[in-house]
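Remarks on the structure that follows.
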Amino acid sequence: MAVVDPLIELRGVNKHYGALHVLQDVDLTVGRGEVVVVIGPSGSGKSTLCRAMNRLERVESGEIVIDGQPLPDEGKALARLRAEVGMVFQSFNLFAHKTVLANVSLAQIKVRKRKREEADGRSRELLDRVGLAAHAEKYPAQLSGGQQQRVAIARALAMDPKALLFDEPTSALDPEMINEVLEVMQQLARDGMTMVVVTHEMGFARSAANRVVFMADGRIVEDRTPEEFFTSPRSERAKDFLSKILKH
Amino acid sequence: MDVLTDNFSLYGEGFLGTVELTVYASALALVLGFVMASFRVAPVGSFRVFGTVWVTVLRNTPLTLLFFAVMLGLPRFGLVLPFEVFAVLALGCYTSAFICEVLRSGINTVPRGQGEAARSLGMTFTQTLGAVVLPQAFRTVIPPIGSTLIALAKNSAIAGAFSVTELLGTYKTLSELGYNIVWTFVWIAVGYLIITLTISAIFHVLEKRWGVAR
Ligand SMILES: Nc1ncnc2c1ncn2[C@@H]1O[C@H](COP(=O)(O)OP(=O)(O)OP(=O)(O)O)[C@@H](O)[C@H]1O
Ligand SMILES: [Mg+2]
């Protein structure tokens, strides 16, 4: 698909785990302001793709470019670029020894070099935006999963990232908490945040995504608009996958 | 019984010698152990190799051999220092290998996701380690670090064989003076007990203060 203003570009990306070829010549471009949902069967390489985009996972060949800059190797330059690409994990990964407020403020102080008061102010603003202003002084273990995930989103937003990556942000949640997280994500999408979302939430894909990327066996098999993908998938793999997940 | 009262200043000097060795060597071991543990989890391969070699060599060398190597070896390279300093070096380096491994196992108890979250926010390796991983590892490593430092206090007795004033070494003088060897050793043991129980108490307090479950 032609993308006008590319923010994240992957070209010919390959990665192995031992003999397993988890990413096979992956090409993907995400435009500024675009929401791309990545779906596919378990083990198809969705998480790896997501983690490669901010180099939590190193790739063997190919190029990953963020806003015109190739991802550097380890070191300060990589850290700087990572700050521009937020990540939200399936298991929240809030800092267990810090309060909710400190979770959101920490990287603002350490990376963005903001003063504590300034960072805390911004944190409270973001916590308010995700509906958790009242919980600022609590520790992560005192919150429900859905609340923890919303804090994690606030924490990522605090860096003023150019893009956000979500790896199955609702998969570890009880059903009644999924919506509160999806609503926050919907709002972000409406506000024009560039997002790459690995998810099995087809409702979210239909309503918020500009494109759906279907992965199987380490390859991108389809890359189309949600309407096209859900109504008339081209590949057998995608038809098979959709028939399985849409049955229930 | 008189052995203590008659020779209180001799015992006192030995006791203070052991305390000094323990305190300085502990400080050195903690600092070096911390640096080596950071090396062992660093993203740079050569740092990891250095840390691994440091731990492997020091942990597998008998402490007495290490004392010989430091006391007799370093002067050959023109490094002449007081015996006390050599003893602190030998004890501190030796113990740093154990501290390093304790810290590293503590680091491994912190879920991977904690470090990944920090890195994904743009924090550097040092920031991630210092602000996220080590504070959480700290809670689990307090008791084993205490044990390691108690072992250090007792290991310091080897320094006596290299004419460093310390507690165990006092027995030579006392037995030459003809005192009952049993009582001599009883009071030496009490001296060590005071030191090791003090270390236990300090770490007990630290554990109470910091080692709380989340
Ligand atoms: N650290 C690792 N070491 C070895 N193999 C791994 C590792 N991480 C992932 N894999 C393997 O790589 C393949 C792709 O994994 P990945 O986590 O990207 O899949 P996924 O599409 O996210 O699956 P899921 O829907 O189950 O999360 C899987 O077969 C997985 O077993
Ligand atoms: Mg996954």
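The values are calculated or read from the model by the stated rules, or taken from the named source; none is laboratory data. These figures come from a predicted structure and were not determined experimentally. Cβ atoms come from the backbone with ideal geometry, glycine included; neighbour counts cover every protein chain shown. For accessibility, only protein heavy atoms count, side chains too; no ligands or nucleic acids. Shrake-Rupley method; radii C 1.70, N 1.55, O 1.52, S 1.80 Å.
Among the protein heavy atoms of the range B:2-210, carbon and sulfur supply 70% of the accessible surface, probe 1.4 Å, non-protein parts ignored. For chain A, lysine pairs with C-alpha atoms less than 23 angstrom apart, excluding pairs fewer than eight positions apart on the same chain, total 19. Between the listed residues B:187, B:42, B:65, the Cα displaced farthest toward the positive end of the dipole of the range B:2-210, a dipole computed from Cβ unit charges relative to the Cα centre, is found at B:42.
With +1 on each Lys and Arg Cβ and -1 on each Asp and Glu Cβ, how big is the dipole of the range B:2-210 about its Cα centre, in debye rounded to the nearest 20? Kindly include the intermediate steps, with their values, before the conclusion.
Details: 12 positive and 10 negative charges, 215 e Å.
Rounded to the nearest 20 debye, it is 1040 debye.
A cut-off of 5 Å between modelled amide H atoms, ignoring neighbours fewer than 5 places along the same chain, links residue A:216 with A:221. Computed from protein heavy atoms with a 1.4 Å probe, the total accessible area buried between B and A is close to 1800 Å². For the protein assembly as shown, the orientation-averaged shadow of the C-alpha convex hull comes to 28.6 nm² (one quarter of the hull surface). When chain A is treated as a Gaussian network with alpha carbon springs shorter than 10 Å, the biggest mean-square fluctuation among A:72, A:161, A:175 belongs to A:175. When the charge dipole of chain B is built from unit charges on Cβ atoms (+1 for Lys and Arg, -1 for Asp and Glu) and taken about the Cα centre, the candidate among B:205, B:89, B:120 whose Cα reaches farthest toward its positive end is B:120.
If the elastic network links every pair of Cα atoms under 10 Å, which of A:111, A:184, A:30 fluctuates the most in the Gaussian network model of chain A? It is A:111. For chain A, a Gaussian network of Cα nodes joined below 10 Å ranks A:227, A:118, A:176 by mean-square fluctuation, and the top entry is A:176.
Could you provide, to the nearest whole Å², the per residue accessible area of the protein assembly as shown with probe 1.4 Å?
46 Å²
The distance separating the Cα centre of the range A:79-157 from that of the range A:1-57 comes to 26 Å.
For the range B:2-210, go through all pairs of different Cα atoms, get the mean of 1/r, take its inverse, and jot down that Kirkwood value in Å. Don't skip to the answer; put the middle values down first.
Details: mean 1/r = 0.0533 Å⁻¹.
Computed over Cα pairs of the range B:2-210, the Kirkwood hydrodynamic radius comes out at 18.8 Å.
About the centre of its Cα atoms, the protein assembly as shown shows a dipole size close to 280 debye [charges on the beta carbon of Lys, Arg (+1) and Asp, Glu (-1) only; nearest 20 debye]. Listed by chain and number, the lysines placed with their C-alpha closer than 28 angstrom to that of residue B:172 are B:154; residues fewer than eight positions away on the same chain are left out. Using a basic spin-label model with each label point 7 Å from the Cα along Cα→Cβ, how many nm lie between residue B:202 and residue A:58? About 4.0 nm separates the two model spin labels. Entry note, chain A: relative contact order of 26 percent, from Cα contacts under 8 Å with a spacing of 6+ residues.
For the Cα trace of the range A:27-169, dividing Rg by the Kirkwood Rh returns an Rg/Rh value of 0.98.
For residue A:180, neighbours were defined as the other residues whose beta-carbon sits under 14 Å from its Cβ, and their charges (Lys and Arg +1, Asp and Glu -1) total -2.
Relative contact order of the range B:2-210: 30 percent, from C-alpha pairs under 8 Å at least 6 residues apart in sequence.
Normalised radius of gyration for chain A, please: alpha carbon Rg relative to 2.2 N^0.38 Å, two decimal places.
On the way: Rg = 17.9 Å, N = 248, 2.2 N^0.38 = 17.9 Å.
Here the answer is 1.00, to two decimals.
Amide H contacts for residue A:194 (H built 1.01 Å from N in the peptide plane; partners 5 or more residues away or on another chain; cut-off under 5 Å): A:33, A:164. In the context of the full protein assembly, residue A:183 retains an accessible surface of approximately 120 Å², using a probe radius of 1.4 Å and ignoring ligands and nucleic acids. Among the chymotrypsin sites (Phe, Trp or Tyr not before Pro) found in the range B:10-112, those both in a DSSP coil and sparsely packed, with 10 or fewer other Cβ atoms within 10 Å of their Cβ, are B:77. Once all protein chains are placed together, residue B:140 keeps about 70 Å² accessible to a 1.4 angstrom probe.
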